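Reviewing the structure listed below.
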Amino acid sequence: MSIKQTMESNVTSMMVGSWNIRDGRDVPDTEAIGLGTNVGVKLRATYLYADLAKSSDFGQLLAPVDAAKIIKSFLFCASVLIKEHGGHIKSFDGDRVMGIYHGPDKETRAARTALKLNWVVQEIIDPKARLWVNWPKGSMMVKHATGIATGEALLIRGGVRNDNDIASIGSAPNLAAKLSDRRTEDGRTFACYTTWLGIKGDAANDFFGKSRWSEIQNMTVGGSFHIFKATNDRMIP
């Protein structure tokens with residue numbers, strides 16, 4: 001069978017064939033979802049995307065090793081925090097990492113991850129980069145944004161044999177990714193209304209009982225969403 005015939009046959013099977021969709025009890029491993037069959041797992045989860053800001057500038061203005069120092073440090077710290085709070089790392093995309101949280105307190109655990117990452121970027125990564133990276137003339141800072149969204153998603157396994165991974169389809173992963181693209185002077189952590197409702201304890205209010213979050217304008221991503229911003233708030237890991 002030629003490559004063209006193989007693609008035509010498989011696309012027809014995916015489009016016409018029936019799908020076996022089951023409810024998930026936890027974030028599945030890649031191998032738990034069939035690759036060559038129309039299988040999916042339906043899961044209500046909280047998605048977190050952490051995205052390094054202006055990494056394209058790093059690539060253009062810094063030596064490759066210096067840019068790698070920053071990006072590798074950011075991905076490492078974000079990954080450590082995601083795992084510390086019970087998240088599952090399911091995707092890396094350049095300077096961006098995605099975590100999925102499921103089960104009790106998923107919104108709170110995701111919010112703690114984001115608030116701690118904000119502290120780490122400002123107090124560890126940026127100061128060390130200023131010491132050990134050969135910056136060009138002019139002021140540059142290591143900055144980022146984190147988007148968090150909660151909802152139902154369909155998890156499928158995409159790709160080909162030996163080169164495949166889980167893909168998440170739905171409003172929550174899409175919205176979290178869009179929120180991580182936001183760039184404001186006083187905000188690095190953004191959450192949708194559904195996520196905000198589930199954030200409790202120290203992730204919702206600071207030591208003095210003041211809310212860490214404030215509502216901002218609606219955001220349209222295939223629909224209008226109430227978005228909340230943690231105004232440069234952070235937590236020490």
task: State whether the residues of segment 120-136 include one that is more than 16 Å from PHE58 (Cα to Cα) and either buried (at least 20 other Cβ atoms within 10 Å of the Cβ) or among the small types (Gly, Ala, Ser) (or both).
output: yes
message: Going residue by residue through segment 161-182, is there one that turns out to be of a type in the set (D, E, K, R), in contact (Cβ under 8 Å) with a residue 60 or more places away in the chain, open to solvent by 40 Å² or more (accessible area, probe 1.4 Å) and farther than 29 Å from ASN38 by Cβ?
response: yes
task: Starting from residues that are touching a His at 6+ places or on another chain (Cβ under 6 Å) and not β-branched (Val, Ile, Thr), keep the ones in segment 1-49 and report whichever is surrounded by the fewest Cβ atoms within 10 Å (Cβ to Cβ).
output: ASP26
field: Among (1) over 12 Å from THR150 (Cα atoms); (2) modelled with pLDDT of 90 or more - the single one ASP186 does not satisfy
entry: (2)
statement: Within segment 74-93, the count of residues that are open to solvent by 50 Å² or more (accessible area, probe 1.4 Å) and either within 19 Å of GLN122 (Cβ to Cβ) or of a type in the set (Gly, Ala, Ser) (or both) comes to 3
- line: When restricted to ASP126, ASP95, the only residue among the charged types (D, E, K, R) and touching a Leu at 6+ places or on another chain (Cβ under 7 Å) is ASP95
task: Counting only residues that are without any contact (Cβ under 8 Å) to a residue 12 or more places away in the chain and not aliphatic (A, V, I, L, M), give me the strands (runs of 3 or more DSSP E) lying completely in segment 5-98 with at least 1 of them.
output: 88-93
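One line per residue, one yes/no per condition, for (1) hydroxyl-bearing (Ser, Thr, Tyr); (2) more than 19 Å from THR46 (Cα to Cα); (3) at pLDDT 95 or above:
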{"residue": "ILE166", "(1), (2), (3)": "no, no, no"}
{"residue": "LEU179", "(1), (2), (3)": "no, no, no"}
{"residue": "ARG182", "(1), (2), (3)": "no, no, no"}
{"residue": "THR195", "(1), (2), (3)": "yes, no, yes"}
{"residue": "ILE199", "(1), (2), (3)": "no, no, yes"}
{"residue": "ASP206", "(1), (2), (3)": "no, yes, no"}
{"residue": "LYS210", "(1), (2), (3)": "no, yes, no"}
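The values are calculated or read from the model by the stated rules, or taken from the named source; none is laboratory data. Since the structure is predicted, the reported quantities are computational estimates derived from the model, not experimental observations. Every residue, glycine as well, gets a Cβ built from its backbone with ideal geometry; the counts of neighbours run over all protein chains shown. For the accessible areas, the whole protein counts, side chains as well, though only heavy atoms, and no ligand, DNA or RNA atoms are used. Shrake-Rupley method; radii C 1.70, N 1.55, O 1.52, S 1.80 Å.
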